[in-house]
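J.: I'd like to ask some things about the structure below.
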Ligand SMILES: Nc1nc2c(ncn2[C@@H]2O[C@H](COP(=O)(O)OP(=O)(O)OP(=O)(O)O)[C@@H](O)[C@H]2O)c(=O)[nH]1
Ligand SMILES: [Mg+2]
């Protein structure tokens, strides 16, 4: 199945009824070739109903993938990637539903995607920033990034940003079945395997605004799991699974 859409923005949701409407409005203001896929994990607050209603007005641009229960951010991304690859989108983007990632950065990210395989909306380069975080949240993000860079050898300044644009040709080369992080650490795993594939990774500054509505889904359990995952990933990547050998990305196909 193919589509005329150039870019699919994958938005994982779990109980984001207070945010998803505004986010969809922002994304629909982007060029018509930008489509949106909400991957909802059985939200009990009516998130999927809001998306379904909006889809009646924008059947070509809005898509919904509903899953039975809360299966994790990582598996939501992977499900979104598979959906986008099957439909022939050239770029697969990811962003949070809680308005922390402003759709206004999309243009610049897409522009940079013309010369990069992976573009990260980055809080930690000049021009980027964070609004309304407390010290605990800064510390957590700083710790995760510092460890990801030193343990996994990642080069990006912002390794945990979920605002990204992947070239589909890059994602197609990855063994998605071998991506084992189901939660937030999936962001680090995906970045690690893309980097090892030889992907050209660029960062664009974004200002991240802490959510004003709804609740964070990062639990202490999730944080602990994330840090343990770093060590597991180090071993796994050293084994050479999922592209450790490196390989050129077919950029001709990507530009077709
Ligand atoms: N489909 C799906 N989406 C999820 C799951 N967990 C979180 N999300 C979504 O992933 C995005 C990021 O989650 P947040 O809780 O905002 O996490 P965060 O932005 O890293 O952290 P905060 O600063 O606390 O908001 C949001 O759109 C969530 O609704 C999940 O298990 N399944
Ligand atoms: Mg958030």
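J.: Checking residue 147 against (1) at pLDDT 95 or above; (2) within 26 Å of residue 237 (Cβ to Cβ), which test does it fail?
T.: (1)
J.: Right, here's the next one. Across the stretch 174-213, what is the total count of residues that are within 16 Å of ligand 1 (Cβ to nearest atom) and surrounded by 20 or more Cβ atoms within 10 Å (Cβ to Cβ)?
T.: Number of matching residues: 12.
J.: Would you mind stating whether residue 121 is crowded, with 21+ Cβ neighbours inside 10 Å and either in contact with a helix residue (DSSP H, G or I) (Cβ under 6 Å, 6 or more places away or on another chain) or without any contact (Cβ under 8 Å) to a residue 60 or more places away in the chain (or both)?
T.: Taking the combined requirement at face value, the residue satisfies it.
J.: Among the residues of the stretch 1-22, which ones are more than 8 Å from ligand 1 (Cβ to nearest atom) and buried (at least 24 other Cβ atoms within 10 Å of the Cβ)?
T.: Across the stretch 1-22, the qualifying residues are 8, 9, 10, 20.
J.: Which residue pairs have Cβ atoms under 9 Å apart, sit 6 or more places apart or on different chains, and have a first residue in the stretch 60-82 that is under 13 Å from residue 8 (Cα atoms) and a second that is in a loop (DSSP other than H, G, I, E, B) and within 16 Å of ligand 2 (Cβ to nearest atom)?
T.: Close Cβ pairs satisfying both conditions: 77/162.
J.: Could you grab the pairs with beta carbons closer than 8 Å, sequence gap of 6+ or different chains, first residue in the stretch 196-224 and more than 15 Å from residue 158 (Cβ to Cβ) and in contact (Cβ under 8 Å) with a residue 60 or more places away in the chain, second one within 14 Å of ligand 1 (Cβ to nearest atom) and part of a helix (DSSP H, G or I)?
T.: What qualifies is 210/137; 217/73; 223/140.
The values are calculated or read from the model by the stated rules, or taken from the named source; none is laboratory data. Keep in mind it's a predicted model, so treat the numbers as computed, not measured. Heads up, the Cβs are rebuilt from the backbone with ideal geometry, glycines too, and the neighbour counts pull from every protein chain shown.
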